[in-house]
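Structure record follows, encoded as structure tokens.
The values are calculated or read from the model by the stated rules, or taken from the named source; none is laboratory data. Since the structure is predicted, the reported quantities are computational estimates derived from the model, not experimental observations. For neighbour counting, all protein chains shown are included, and Cβ atoms are generated from backbone atoms with ideal geometry for every residue, glycine included. Ligands, DNA and RNA are excluded from the accessible area calculation, which covers all protein heavy atoms including side chains. Shrake-Rupley method; radii C 1.70, N 1.55, O 1.52, S 1.80 Å.
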Amino acid sequence: MEKYDVKVRYIFEGTYTVVAEDREEAESMVAEDCGLVLGGNIHTTRDDDEVTDWKFGCHPDLQVLSVRQRGGKSSMSVFGDRIEELRKDIIEAIRQLLHDHAMNAIRFPEEDYDPVWVIWFGKNGDPYECRVTGLRVTDSSLTVLAEEKESGDEVECYSPFELGASNIDWLSGMYEAVWQQLEESKVEPQTEEQ
């Protein structure tokens with residue numbers, strides 16, 4: 001048997017009846033001077049002529065927020081691990097598609113009607129919107145070749161260090177673009193030698 005930490009939220013819902021000048025004062029009165037303490041009762045520090053009544057059920061709604069094995073990883077690191085695994089899977093799928101066609105790089109046609117867009121950060125840290133123009137793979141990395149939208153300059157994003165080559169949504173779009181060019185359209189791809 002293992003020990004688990006189960007994080008929960010109890011929600012008590014009810015209504016206070018208050019006497020106030022306007023909605024804002026009514027909200028302020030309840031937010032500042034009404035409450036509940038576990039092991040205690042619903043209460044207020046206001047006078048009886050200001051808070052005239054309240055109605056709350058005695059059983060709360062329960063929400064389970066997370067379950068974590070004692071001594072195990074936090075749920076945040078579990079999500080991080082899953083995201084990293086998905087990133088690696090997408091890059092491996094791109095690598096495998098290119099390998100199946102005896103390629104280590106691909107260029108996308110300029111007339112592509114639905115290009116993949118990424119953000120590339122220059123040396124000064126400024127973000128630039130870029131259209132992906134190609135990909136290059138090795139056994140251990142993926143390089144995204146892209147054209148900056150405003151200047152037309154070609155830039156490169158390297159996995160796993162730069163957002164343009166690590167964002168899983170963009171990687172998924174790149175996989176779809178490679179698959180479409182190599183598998184669906186059956187058009188002879190443009191290759192790039194290293």
Evaluate the following for Leu86: is it aliphatic (A, V, I, L, M), over 30 Å from Asp5 (Cα atoms) and not in a loop (DSSP other than H, G, I, E, B)? no
Residues (among the hydrophobic types (A, V, I, L, M, F, W, C) and more than 22 Å from His99 (Cβ to Cβ)) located in segment 138-164: Ala146, Val155, Phe161, Leu163
Is it the case that some residue within segment 127-138 is surrounded by fewer than 14 Cβ atoms within 10 Å (Cβ to Cβ), assigned to a loop (DSSP other than H, G, I, E, B) and of a type outside the set (Val, Ile, Thr)? no
Those residues of segment 140-162 which are surrounded by fewer than 16 Cβ atoms within 10 Å (Cβ to Cβ) and at pLDDT below 90, in sequence order: Ser140, Ser141, Tyr158, Pro160, Phe161
Anything in segment 1-39 that is open to solvent by less than 90 Å² (accessible area, probe 1.4 Å), farther than 17 Å from Asp53 by Cα and assigned to a loop (DSSP other than H, G, I, E, B)? List them, or say none. Asp22, Val37
